[in-house]
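K.L.:
Take a look at this one; I'll ask things after.
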Amino acid sequence: MSDGFECENCKESLYGRKYIKVDEVPHCVPCYDRLFANICQGCKELIGHNSQELYYDDHHYHEECFRCSHCSRSLANETFTCQDEALLCQDCFSTQFSATCVSCNKTFMPGSRKLDYNGSTWHEECFVCCVCKQSLGSQAFIPDKDEYYCVTCYENRFAPRCSHCKQILLQGGVMYQDEPWHRECFLCTGCKTQLAGQPFTSQGDKPYCVKCFSNLYAQKCAACNKPITGFGDGKYVSFEERQWHQSCFKCSGCSASLVGVGFFPDGAQIHCKDCNK
């Protein structure tokens, strides 16, 4: 029997004693615990060689010290989280720190996905369109007061519809008689040309381009016999049953303008003061 089989640290013989090797070098149990054992983060005592040791976030624990800091439940086989260096079981974390879903009023468990919008928080499965109940987590949505809509449901419920084709107006459009129209649907009643972006007028509740309105409804100038439309050279003079374009309201004799001066009717003609003599 060799006298050289001894503890590396205290040099006491290890024959007949329990020992532990560190890098193939034997140590007696007391020396091993003193030199190599970790300090428990929970109780601040050594974690002896015969103790079950747990390791989390650069800290070591006795198995019996690895507990929820609030309810003391063992976390050795539990899901847990850490809040300000305190270990918490799921229940305590949810009660003390977790936000609450505004839809189901339940707390968020650690690891669960949540959605935040405008200061409120939802479970992913709770954030749905208030009409079709489709999840809004990965698509565009439209808020309206305290309700949320997918684009399709919002358009079906609130978007304006064309007065002609009854389809939704997504953008642009024309307002006529307080009703929305698609630009391509807003047509002259007569020739069906698009009226958006050009002058138009109406007869009753029907819109017309200037040409069609002139041909159908406009008064004719007593001088040139062309329509008086109200557009372009739209100013006119009216006397009894006759109308003239302002530029056409001239003396039949000398062609002087009679706009704003006295004139003398003579059958189908009109004369200035001098020509009337």
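K.L.:
Looking at region 19-51, which of its residues are farther than 19 Å from E85 by Cα, touching a residue at least 12 places away in the same chain (Cβ under 8 Å), in a loop (DSSP other than H, G, I, E, B) and in contact with a helix residue (DSSP H, G or I) (Cβ under 9 Å, 6 or more places away or on another chain)?
P.N.:
I47, G48, H49, S51
K.L.:
Let me ask another. Do we have T152 as within 17 Å of the chain's Cα centre (by Cα), in a helix (DSSP H, G or I) and not assigned by TED's automatic domain parsing to the domain that holds I228 here?
P.N.:
The answer is yes for T152.
K.L.:
So how many residues does region 155-176 have that are outside any loop (DSSP other than H, G, I, E, B), touching a residue at least 12 places away in the same chain (Cβ under 8 Å) and out of contact with any Cys (no Cβ under 9 Å at 6 or more places or on another chain)?
P.N.:
The total comes to 6.
K.L.:
Before we move on, is S138 more than 30 Å from D58 (Cα to Cα), assigned to a loop (DSSP other than H, G, I, E, B), in contact (Cβ under 8 Å) with a residue 12 or more places away in the chain and among the polar types (S, T, N, Q)? Walk me through how you get there before you give the answer.
P.N.:
On the way: more than 30 Å from D58 (Cα to Cα): yes; assigned to a loop (DSSP other than H, G, I, E, B): yes; in contact (Cβ under 8 Å) with a residue 12 or more places away in the chain: no; among the polar types (S, T, N, Q): yes.
In short, no.
K.L.:
Here is a further query. Which condition from (1) acidic (D, E); (2) closer than 30 Å to F108 by Cα; (3) assigned to a loop (DSSP other than H, G, I, E, B) is the one that E8 breaks?
P.N.:
(2)
K.L.:
Taking S69, is it assigned to a loop (DSSP other than H, G, I, E, B) and either hydrophobic (A, V, I, L, M, F, W, C) or within 30 Å of F108 (Cα to Cα) (or both)?
P.N.:
Judged against the criteria, S69 is a match.
K.L.:
Any idea which of L46, L88, L54 is within 30 Å of H123 (Cα to Cα), hydrophobic (A, V, I, L, M, F, W, C) and surrounded by 15 or more Cβ atoms within 10 Å (Cβ to Cβ)? Steps first, please.
P.N.:
Values: L46 fails: within 30 Å of H123 (Cα to Cα); L54 fails: within 30 Å of H123 (Cα to Cα).
Testing whether each residue is within 30 Å of H123 (Cα to Cα), hydrophobic (A, V, I, L, M, F, W, C) and surrounded by 15 or more Cβ atoms within 10 Å (Cβ to Cβ) leaves just L88.
K.L.:
Could you list all residues from region 240-258 that are loosely packed, with under 13 Cβ neighbours inside 10 Å and not polar (S, T, N, Q)?
P.N.:
Hits for region 240-258 are E240, E241, C254.
K.L.:
Can you tell me which residue within region 160-190, out of those that are within 14 Å of Y208 (Cα to Cα) and of a type in the set (F, W, Y), is surrounded by the fewest Cβ atoms within 10 Å (Cβ to Cβ)? Talk me through it step by step, then tell me what you get.
P.N.:
Filtering region 160-190 for residues within 14 Å of Y208 (Cα to Cα) gives 176-177, 185-190.
Remaining after also requiring of a type in the set (F, W, Y): 176, 186.
Working: Y176: 17, F186: 22.
Filtering region 160-190 for residues that are within 14 Å of Y208 (Cα to Cα) and of a type in the set (F, W, Y), the one surrounded by the fewest Cβ atoms within 10 Å (Cβ to Cβ) comes out as Y176.
For every residue, the table says whether it meets (1) under 30 Å from P207 (Cα atoms); (2) assigned by TED's automatic domain parsing to the domain that holds K206; (3) aromatic (F, W, Y); (4) over 14 Å from the mean Cα position of the chain (by Cα).
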site	(1), (2), (3), (4)
S69	no, no, no, yes
S74	no, no, no, yes
Q83	no, no, no, yes
F141	no, no, yes, no
H164	yes, no, no, yes
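K.L.:
Still on this structure, please answer the following. Just give me the residues in region 256-267 being assigned to a loop (DSSP other than H, G, I, E, B) and within 16 Å of H245 (Cβ to Cβ), in sequence order. Break it down stepwise before answering.
P.N.:
Of region 256-267, the ones assigned to a loop (DSSP other than H, G, I, E, B) are 256, 258-263, 267.
Hits for region 256-267 are A256, L258, V259, G260, F263.
K.L.:
Within region 175-188, can one find any residue that is modelled with pLDDT of 85 or more and either touching a Lys or Arg at 6+ places or on another chain (Cβ under 6 Å) or within 30 Å of I270 (Cβ to Cβ) (or both)? Before the answer, list the steps.
P.N.:
Start the filter on region 175-188 by keeping residues that are modelled with pLDDT of 85 or more, which leaves 175-188.
When the remaining residues are screened for being either touching a Lys or Arg at 6+ places or on another chain (Cβ under 6 Å) or within 30 Å of I270 (Cβ to Cβ) (or both), the result is none.
No, region 175-188 contains no residue that is modelled with pLDDT of 85 or more and either touching a Lys or Arg at 6+ places or on another chain (Cβ under 6 Å) or within 30 Å of I270 (Cβ to Cβ) (or both).
K.L.:
Within region 1-32, restricting attention to residues that are under 19 Å from N50 (Cβ atoms) and β-branched (V, I, T), which residue is surrounded by the fewest Cβ atoms within 10 Å (Cβ to Cβ)?
P.N.:
Going through the qualifying residues, I end up with V22.
K.L.:
In region 197-223, which residues are under 24 Å from F239 (Cα atoms), among the aromatic types (F, W, Y) and outside any helix (DSSP H, G or I)?
P.N.:
Y217, the sole residue that qualifies.
K.L.:
In region 110-132, is there at least one residue being closer than 23 Å to L88 by Cβ and basic (K, R)?
P.N.:
Yes, the conditions are met somewhere in region 110-132.
K.L.:
On to the next question. Given the options K166, K206, name the one that is closer than 29 Å to I228 by Cβ and at pLDDT 85 or above.
P.N.:
Working: K166 fails: closer than 29 Å to I228 by Cβ.
Within the list K166, K206, the selection yields K206.
The values are calculated or read from the model by the stated rules, or taken from the named source; none is laboratory data. Fair warning: this is a prediction, and the values are worked out from it, not measured in the lab. As a convention, Cβ positions derive from the backbone with ideal geometry for all residues, glycine included, and neighbour counts pool all protein chains shown.
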